[in-house]
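Step one of this worksheet: look at the structure below.
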Amino acid sequence: MVATRLDPIDRKILAELQADGRMTNVELARRVGISAPPCLRRVRALEESGLIGGYHARVNARELGFEVQVFVMVGLDSQAEAELSAFEARCRDWPLVRECHMLNGEVDFILKCVAPDLSSFQSFLTGDLLTTPNVASVKTSLVIRAAKEDPGVPFEVMEKRLQKTP
């Protein structure tokens with residue numbers, strides 16, 4: 001497990017940056033209890049290792065005019081690797097698709113889509129998704145409201161698990 005290879009300071013750096021990626025290195029160093037130069041070296045090492053994949057602003061989609069959020073469950077005719085990869089590539093090209101996850105079970109993929117309105121989503125659905133080769137079934141669920149949207153991982157759970165490990 002990668003977490004066990006990280007020391008407590010690295011884990012705290014990751015937790016702090018996940019909560020607020022805009023803080024200065026000086027503030028981050030203060031929060032994790034080390035000086036700024038070694039803190040910056042650690043952050044750079046975490047970035048280079050791929051544990052930090054980027055820094056993003058969480059924008060309010062509805063305030064920006066994207067009123068519709070839909071989860072789309074997609075079943076494919078074939079689950080051959082070439083077909084799966086082709087579908088994933090298509091998803092990366094569709095702007096309304098914000099997330100694409102391959103699943104195990106009854107559904108092959110779940111997509112998280114946002115659109116300005118229902119007619120825009122319907123145009124995507126009928127003009128793009130349903131006409132895609134290998135798509136066998138599509139089920140949609142319109143989001144009414146979100147009760148929780150926490151990106152990242154629960155560092156507090158990781159710390160509890162590591163404390164139990166001898």
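The values are calculated or read from the model by the stated rules, or taken from the named source; none is laboratory data. Keep in mind that what you see is a predicted model, and the values were worked out from it rather than measured. Cβ placement follows ideal geometry from the backbone for every residue including glycine, while neighbour counts extend to all protein chains displayed. These area figures cover heavy atoms from the full protein model, side chains too; ligands, DNA and RNA do not enter into them. Shrake-Rupley method; radii C 1.70, N 1.55, O 1.52, S 1.80 Å.
Considering only residues that are basic (Lys, Arg) and exposed (fewer than 15 other Cβ atoms within 10 Å of the Cβ), which ones fall in the range 64-95? Don't jump to the end; show me each part of the working.
First, the residues of the range 64-95 that are basic (Lys, Arg): 90, 92.
Listed by number, the list holds a single entry, 92.
Would you pick out the residues in the range 118-160 that are touching a residue at least 40 places away in the same chain (Cβ under 8 Å), surrounded by 12 or more Cβ atoms within 10 Å (Cβ to Cβ) and either in a strand (DSSP E or B) or not hydrophobic (A, V, I, L, M, F, W, C) (or both)?
120, 132, 134, 135, 137, 138, 139, 140, 159
Which one of these is open to solvent by less than 60 Å² (accessible area, probe 1.4 Å) and assigned to a loop (DSSP other than H, G, I, E, B): 57, 29, 61?
Values: 57 fails: open to solvent by less than 60 Å² (accessible area, probe 1.4 Å); 29 fails: assigned to a loop (DSSP other than H, G, I, E, B).
Of the residues listed, the single one that is open to solvent by less than 60 Å² (accessible area, probe 1.4 Å) and assigned to a loop (DSSP other than H, G, I, E, B) is 61.
Given the residues 11, 22, which is the only one that is surrounded by fewer than 14 Cβ atoms within 10 Å (Cβ to Cβ), at negative phi and not small (Gly, Ala, Ser)?
22
Of 46, 6, 17, which residue is within 29 Å of residue 148 (Cα to Cα), modelled with pLDDT under 95 and surrounded by 15 or more Cβ atoms within 10 Å (Cβ to Cβ)? Can you show your working first?
Working: 46 fails: modelled with pLDDT under 95; 17 fails: modelled with pLDDT under 95.
The match here is 6.
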